[in-house]
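The values are calculated or read from the model by the stated rules, or taken from the named source; none is laboratory data. Quick caveat, the model's predicted, so the values are computed rather than measured. Cβ coordinates were reconstructed from backbone atoms using ideal geometry, including for glycine residues, and neighbour counts include every protein chain displayed.
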Amino acid sequence: MDLHELAAKSRDGDEEAFIERLHVDKHRMYSIAYSYMRNEADALDAVQETVSRVWAKRKTLRQPEYFTTWVIRILIRVCMDERKKRKRELPSGTEEMDISTKVAVAGDPAQKIDMENLVTALPPKYRMVIVLKYYRDLTITEIAELLDRPDGTIRTWLNKALKMMRVETQDKEEIDHALHNRRVGTSRIKG
């Protein structure tokens, strides 16, 4: 059975097809959730909540060929909702951060950019575009589909995000080099 058939059967209530179809996207889902939530337990909780919401809303899926896009949209909303909730619960500046991605800049190992901090400091929509583009290797078109926005809007958000990061570091070449290294470097999770 192909992926579209599995998605169609999932929409119609076939639990086995649903589980099999989600199995195909599980690594991508976890990877995106982890990039938002910054720790394993919260990422797994977000994926679990997403699966629950997807099952509950399965009948609203109009086109089975867009199952993955639909699921990722729901996942992103779950992650953003959880981060907003956490922000309200925690006093400013006490949010837990996983400082695991340090990138050497311009051949000088003494100078490092903490990409995680730069990305985390961005407004949510810009952060989302940076994460999906550079950490998850999605194209502008794929990001536009996921976020239900025109390609031009995604390009604008990406450019504004990069500009904000450049202003923060005061060096365009450092950011461009670091992001390029991140894209060609090995990913933490590949399915």
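Mind checking which pairs have a first residue in region 54-78 that is over 15 Å from LEU146 (Cα atoms) and in the same structural domain as ASP12 (by TED's automatic domain parsing) and a second that is aromatic (Phe, Trp, Tyr) and at pLDDT 90 or above, Cβ under 7 Å, 6 or more apart or different chains?
Correct list of pairs: TRP55/PHE18.
Test of understanding: among SER100, SER35, SER52, which residue is out of contact with any His (no Cβ under 6 Å at 6 or more places or on another chain), within 30 Å of ALA161 (Cα to Cα), at pLDDT 80 or above and not hydrophobic (A, V, I, L, M, F, W, C)?
SER35
Going residue by residue through region 24-47, is there one that turns out to be in contact (Cβ under 8 Å) with a residue 60 or more places away in the chain and polar (S, T, N, Q)?
Yes, region 24-47 has at least one match.
Would you list the helices (runs of 4 or more DSSP H) that sit entirely within region 111-157 and hold 1 or more residues that are free of Cβ contacts under 8 Å to residues at least 12 places away in the same chain? Talk me through it step by step, then tell me what you get.
Values: elements: 115-120, 124-130, 140-147.
In region 111-157, the matching helices (runs of 4 or more DSSP H) lie at 140-147.
Among the numbered criteria (1) surrounded by fewer than 14 Cβ atoms within 10 Å (Cβ to Cβ); (2) at pLDDT 75 or above; (3) under 20 Å from MET37 (Cα atoms), which single criterion is violated by SER187?
Unmet condition: (2).
Return the residues of region 135-150 that are at pLDDT below 85 and of a type in the set (Ser, Thr, Tyr); say none if nothing qualifies.
Selection gives TYR135 alone.
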